[in-house]
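The block underneath contains the structure these notes are about, expressed in structure tokens.
The values are calculated or read from the model by the stated rules, or taken from the named source; none is laboratory data. Note that the coordinates shown come from a computational prediction; the quantities given were computed from them, not determined experimentally. FYI the Cβ positions are ideal-geometry reconstructions off the backbone, even for glycines, and counts take in every protein chain you see. These area figures cover heavy atoms from the full protein model, side chains too; ligands, DNA and RNA do not enter into them. Shrake-Rupley method; radii C 1.70, N 1.55, O 1.52, S 1.80 Å.
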Amino acid sequence: MVSSSKDFLEYGFNLVSEMSVSDGIEAALCVLALWFVSQSFYSVTFHPLSALPGPWLCAITRIPYWIQLFRGNEVHWLHDLHNRYGTVLRFGPDDLSYISSGAWKEIYGNRLELSKAPDYGIQPANAIRSLSTTDVDTHRLWRRMFAPAFSEVGLRKQQPIFKEQVELTSIFSFATFDIMADLCFGQPLGLLERDRSSAWVNSIFKLIKLMPLSLFVEYYNVSRFLYRKFEPKCIQKKKHEHFQHSAQRVHERVKTGSTRPDIWKQVSPAGPTEKLSLNAMCSNAELFMLAGTETIATLLSGLIYHLCLRPEKLELLKNEIRASFDTVSDLSFRRLSQCAYLNACIKEGLRIYPPVAVGVPRVVREGGMLIDNCWVPEGTRLSVAQYAAYHSEKNFRDANAFIPERWLPRSAQNKTDVDFHADPSPDVFHPFSYGSRDCLGRNLALHEIRLIMGALLVKFDFELCEDSHGWEKQLNFLMWVKGPLFCRVSPAPPKIKEE
Ligand code: HEM
């Protein structure tokens, strides 16, 4: 008979010490199975999220999510699940995805500032936090410092740096990497000039494909601990070399100085004692080279693709651009931002093919919170799935069709157009995210996209090659994995001068 807790422990200890190895393994497996069954039962019955819709398997384990993530199919999987289960979806034991307009405000614009999921923060090799940090105070400081460089006034000053590049390009990745390098390092990488990628840029693409693995490792305490302890030397070396590539260029830029209004010229001191250290410049430059290049190249490729599939829309856009500008040197940030049809096309491109197609999760803080009239416990990860939200008929009529007109004011719409302003939730559209951690480079991105599109359409006509039909069927590892996009490109016909 076991009478007290001390006796109980002694009894347990004796029992274990008398066990053979195979009995021990059997007992451990039984305990594990019991734990899993009770956890699963709790997860689908008494867990605070148990009433929310979603596949029961996802309520028990994250395995279905990991499988889809590693297969590059997360975006379409979430889209299908939202179609089946509605605007809120439980796709993991502690993971909720939303596609309603109110969710943006509640998750990303919340006064309580939900924290960014730590596994989504990029860890710079020099260990100095960049803007992607989850630390709220450091993040606030960086945002204040970098805000002027990415503001309208700052960008207008940077306009000449952009124009040096766009005239040359039809290769979007090279152009966006060259432009961002020019803003961060004071000189382009020379990709457009050589018409060839570099080993450094290629390694960024490899890094993007490894994101699911990094998310998996960073999600679990055990794998994170083991990885940090035993990270292979060759990977450490590669990370260091990669970081050094941009760090050296930042050092060079600081040493030689610059007369041009690049990012560093316009950073403001956030307070009397705050200075942007050289190390912090390096880690933020690395972040800008990641965040501000492929996102834009992705949108541009998708936009040209969808325009080529709808030649009547491409014609309207060409007419608008060619009526407003004779040559590339006429293009300016200000005048391009007034091109209504161009802006509508860009919005539609961001909707139908969002560069950040899934939501970056926010984690509910201590004490839990009410969201969408449902109480969610602390630690729950909330996100808005952009692709699913923008392709849902609940939010956009003819959601899978490329229709820039839906973004034009009612008065500018063709009489025969369907009235897309009856779309029930235009507020659901936030391709640059929302709240205190929305995209710092939003203005820069829009100017760059308008300028590159303007330059291309002033100079060239485009037609999609047969081989590239179906180009949009792509895997997604947080970024789309784009195949080659072949277009027949011919010089625009000369303008006939009116008498
Ligand atoms: C079409 C182009 C772009 C799209 C669609 C885009 C989208 C986004 C989104 C959705 C986020 C929010 C992530 C989150 O919720 O945590 C973000 C953050 C960010 N983006 Fe962009 N982005 C684009 C271009 C750029 C450019 C050109 C830059 C320039 C450097 C940039 C710099 C950043 C930075 C620094 C952050 C982190 C902001 C913070 O945590 O405070 N992005 N972007």
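Listed values, structure above:
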| read-out | value |
| --- | --- |
| Volume per residue that the Cα convex hull of the range 196-270 spans, once the total is divided by residue count, Å³ | 167 |
| Phi to ³J(HN,Hα) by Karplus 6.51 cos²θ - 1.76 cosθ + 1.60 over the range 250-265, Hz, x for Gly, Pro | 5, 4, 4, 4, 5, 5, 7, x, 7, 9, 8, x, 6, 4, 5, 5 |
| Cα gyration tensor, the range 42-97 - rounded (a/c under 1.5), prolate or oblate | oblate |
| Filtered chymotrypsin sites (Phe, Trp or Tyr not before Pro), the range 12-65: DSSP coil and at most 16 other beta carbons within 10 Å | Phe46 |
| Residue among Met453, Gly121, Phe225 farthest towards the positive dipole end of the chain, charges placed on Cβ | Met453 |
| Heavy-atom surface of the chain, accessible at 1.4 Å and reported per residue (Å²) | 51 |
| Label-point separation, Cys487 to Asp137 (7 Å along Cα→Cβ), nm | 4.9 |
| Extension reserve of the Glu315-Val328 stretch, reckoned as 0.36 nm per residue once the Cα distance is removed | 2.8 nm |
| Unit charges on C-beta of K, R, D, E only; dipole of the chain, Debye | 1220 |
| Cα gyration tensor of the chain - equivalent ellipsoid semi-axes, whole Å, descending | 46, 29, 21 |
| Computed [θ] at 222 nm, deg cm²/dmol, the chain (DSSP H ≥ 4; -39,500 (n - 2.57); rounded to nearest 500) | -15500 deg cm²/dmol |
| Integer Hz, Karplus 6.51/-1.76/1.60 couplings in order for the range 197-214, x for Gly and Pro | 6, 10, 4, 5, 5, 4, 5, 5, 5, 5, 4, 4, 5, 8, 4, x, 5, 5 |
| Cβ-derived FRET efficiency at R0 51 Å, Phe36 paired with Ile171, nearest 0.05 | 0.50 |
| Efficiency of FRET from Cβ geometry, Arg84 and Ser20, R₀ 60 Å, rounded to 0.05 | 0.75 |
| Gain in span if fully extended, Ser436 to Lys238, counting 0.36 nm per residue against the direct Cα distance | 68.0 nm |
| Rounded Å value of the spacing that divides the Cα centres of the range 346-366 and the range 299-341 | 25 |
| Cα centre as origin, Lys/Arg/Asp/Glu Cβ charges: the range 287-359 dipole, Debye | 140 |
| About the Cα centre, charge dipole magnitude for the range 218-323 (Lys/Arg +1, Asp/Glu -1 at Cβ), debye | 380 |
| Unit charges at the beta carbon, dipole of the chain: most positive-side option, Thr380, Ile235, Gly441 | Gly441 |
| Positive dipole terminus of the range 1-75, leading residue within Ile63, Trp35, Val21 (C-beta point charges) | Ile63 |
| Computed over the range 216-260, the ratio Rg/Rh where both radii use C-alpha atoms and Rh is Kirkwood | 1.28 |
| Solvent-accessible surface ranking, highest first, for Lys495, Lys459 at 1.4 angstrom | Lys495, Lys459 |
| Ranked packing of 481-491, 131-141, 354-364, 69-79, most packed first, by mean Cβ within 10 Å | 354-364, 69-79, 131-141, 481-491 |
| Calculated diffusion of the range 216-326, Stokes-Einstein form, Kirkwood radius summed over Cα pairs, 20 °C and 1.002 mPa s, µm²/s | 114 |
| Cα shape, the range 276-330, gyration tensor, a/c 1.5 rule | oblate |
| Per-residue SASA entry for Lys394, accessible area with 1.4 Å probe, Å² rounded to 10 | 110 |
| Contour excess over end-to-end distance, with Cα ends at Glu366 and Ile208 and 0.36 nm allotted per residue | 53.7 nm |
| Glu393-Arg144 FRET efficiency (beta carbon distance; Förster radius 45 Å; 0.05 resolution) | 0.65 |
| Apportionment of accessible area to carbon and sulfur, the chain, percent (1.4 Å) | 58 |
| Anisotropy class of the range 65-125 from Cα gyration tensor, a/c 1.5 cut | oblate |
| Placed amide H near Cys487: partners under 5 Å, 5+ positions off or other chain | Cys465 |
